[in-house]
1. Regarding the stretch 172-184, can at least one residue be identified that is touching a Ser or Thr at 6+ places or on another chain (Cβ under 7 Å) and either surrounded by fewer than 22 Cβ atoms within 10 Å (Cβ to Cβ) or of a type in the set (Asp, Glu) (or both)?
2. How many of the residues in the stretch 185-206 are among the aliphatic types (A, V, I, L, M) and crowded, with 20+ Cβ neighbours inside 10 Å?
3. Which of the strands (runs of 3 or more DSSP E) found entirely inside the stretch 102-169 contain at least 2 residues meeting this: under 14 Å from GLY216 (Cα atoms) and either of a type in the set (Gly, Ala, Ser) or in contact (Cβ under 8 Å) with a residue 24 or more places away in the chain (or both)?
4. Looking for whichever is at pLDDT 95 or above, among the β-branched types (Val, Ile, Thr) and touching an Asp or Glu at 6+ places or on another chain (Cβ under 8 Å) here; the options are THR174, THR196. Which one fits?
5. In the stretch 183-206, how many residues are more than 18 Å from GLY101 (Cβ to Cβ), free of Cβ contacts under 8 Å to residues at least 24 places away in the same chain and not charged (D, E, K, R)?
6. Across the stretch 44-73, what is the number of residues that are more than 15 Å from the chain's Cα centre (by Cα) and surrounded by fewer than 21 Cβ atoms within 10 Å (Cβ to Cβ)?
Amino acid sequence: MSASATQRRRFNEESESDDSGILNERILLLVFESIKWDLRVLCLVSSVNHKLRAIAKRILWRKLCMFRAPRMVAALANGAPNGRIGGGWDALAKLMFFCSGCESTRHFKVSRPNPGHFTAASRFSKTSGRSFLAKKCRGDLLFISDPCEHPMGGEEDHLGIYRGVFRGFMRSKTRACLIGRQAAFDERVRCTYCGTRVWSMTAARLVPKSAARRLGSGDRRLEYFVCVNGHLHGACWLVPLSSDEEVCDDGDDDGGSEEDPDSDDTCRRQRVTNGSRSSLGGDVLGGGPMN
């Protein structure tokens, strides 16, 4: 090996062993605070090398989640051991910004697959989440996004794809109910966000009617899956709405909450623009595409 090659190797080893420059966590935090936790930059930084990826996994993804959805993150982390959440903060960050897409499953058929994509903005609500819980599981905390609308080519064919996350799923009543019913994992589906096995809530007969009403699906078919880490993803057929239509929040489905702006039982006027249903409350997340 030449002297110059030896020097380069020694320089690289010294650079990786110290805590200077971009590997300094305090500097990284200051940089990302100054750019308001830009999603695309964080993805690029975390893909540079294994050390930056480890720093991002341990610190930066959590900080991004806290910056973009502080109320939701505070609720999810409440009571979590050492501030950890199921699946990790990187999986939660992906769930916040990535629509899972949809393919045909045993209980839900689509004419063509819809690929996943990153969303410009999403809204999550724990009030909506209560509509997805069976009566015996209403003590669980679940955040659900508004459905991301995917036109399917016909005037009445509008596919809604949604996602969500449980707090402390390992200790949840929903998981206990799945275990008690000896529900089997769906071997053909994996969690979009952490890659683990999932239960079909349709197959387990744990989908309440209030879920369809909350989604704006009427009595049309829907399905969703929950993974072992408490990430939820699903799809439904949406009832077509006019350009200006009243949508009622049914207080009997969810109950009330002083913390949620959408937790009363009055009718709200919902505006539909450019094929997208407006949101009804919860943490709003914004962000650009991730590589």
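1. no
2. 3
3. Passing ranges, in order: 142-145, 148-151, 158-166.
4. THR174
5. Qualifying residue count for the region: 3.
6. Matching residues across the stretch 44-73 total 17.
The values are calculated or read from the model by the stated rules, or taken from the named source; none is laboratory data. Please read all numbers here as calculations on a predicted model, not as lab measurements. Quick reminder, even Gly has a Cβ in these numbers, built from the backbone with ideal geometry, and neighbours come from all protein chains shown.
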